[in-house]
Amino acid sequence: MRSRVVFVVWMAICALALPRAHAQQADALRKAQAAFDQAQGDFLAKKYDDAARGFEDAYAARPFPQFIFNVGVAYYTKARATGDAASYQKAIDAFRKYLAADPKAADKAEIEKKIGVFEAEIKRLKDAPAPTGEGSAAPPPPSQEVQQLGEAKVRGLFVIESDPSNATIYIDDKRKGPFATTPWSGTLEGDHKVIVEKRGYTVVEKSIS
């Protein structure tokens, strides 16, 4: 059984008043989170087309590359289960969009390898003779190359934003030095204490997992 991942939105409001622009950003994040939660539910229910549309809605609300990565995961998972060449192509399109959105992605080489395997699988499926006889309705098994890729997993996301922006983020202990500045988004595994601080404003602390 697949487990849920988390999209956590943490708005560290350091200022006394909430500017309109920041309020609009907060509203967009809430829309993205609602779409993400629905999409993940659809993914776990094996409604992969619905899940892909939900992750696309999340990306439309706030364009985090992880959302488009999850679109690719949804279509790949469907393609792997059904042998549907069109779904492999949709997965390719999504993963290319993901790399365009995040050109310095740490998994760029891995994603490019997946795209190459998907392209070869599309050709194999299109060139294969139509099945006949008993059991012909069963989906064709994925190639060995696709099987070697294994199952893809939906990615969670942790978002830290502040007003004013450019606040310093520390993880667990300030003595470790700055981790990043706001706004920041990415993945944090395990239990952590997040500290957000900006000169002239109160330090904000929160424990997350």
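Is one or more of the residues making up the stretch 63-70 surrounded by fewer than 17 Cβ atoms within 10 Å (Cβ to Cβ), under 17 Å from the mean Cα position of the chain (by Cα), more than 24 Å from residue 138 (Cα to Cα) and modelled with pLDDT under 95?
yes
Quick check on the stretch 182-205: of everything there that is within 9 Å of residue 158 (Cβ to Cβ) and of a type outside the set (Val, Ile, Thr), which residue is nearest to the chain's Cα centre (by Cα)?
So, considering only residues that are within 9 Å of residue 158 (Cβ to Cβ) and of a type outside the set (Val, Ile, Thr), the one nearest to the chain's Cα centre (by Cα) is 186.
Working carefully through the options 76, 88, 59, find the one that is touching a helix residue (DSSP H, G or I) at 6+ places or on another chain (Cβ under 7 Å), open to solvent by 10 Å² or more (accessible area, probe 1.4 Å) and part of a helix (DSSP H, G or I).
Going through 76, 88, 59 in turn, just one is touching a helix residue (DSSP H, G or I) at 6+ places or on another chain (Cβ under 7 Å), open to solvent by 10 Å² or more (accessible area, probe 1.4 Å) and part of a helix (DSSP H, G or I): 59.
Against the definition (under 21 Å from residue 39 (Cβ atoms) and over 22 Å from the mean Cα position of the chain (by Cα)), how does residue 107 come out, yes or no?
Criteria not met by residue 107.
The values are calculated or read from the model by the stated rules, or taken from the named source; none is laboratory data. Just so it is clear, the model here is predicted, and its values are computed rather than measured. Counting neighbours? That spans all protein chains shown, and the Cβs are built from the backbone with ideal geometry, glycine included. These accessible areas exclude ligands, DNA and RNA; they are computed on the full protein's heavy atoms, side chains included. Shrake-Rupley method; radii C 1.70, N 1.55, O 1.52, S 1.80 Å.
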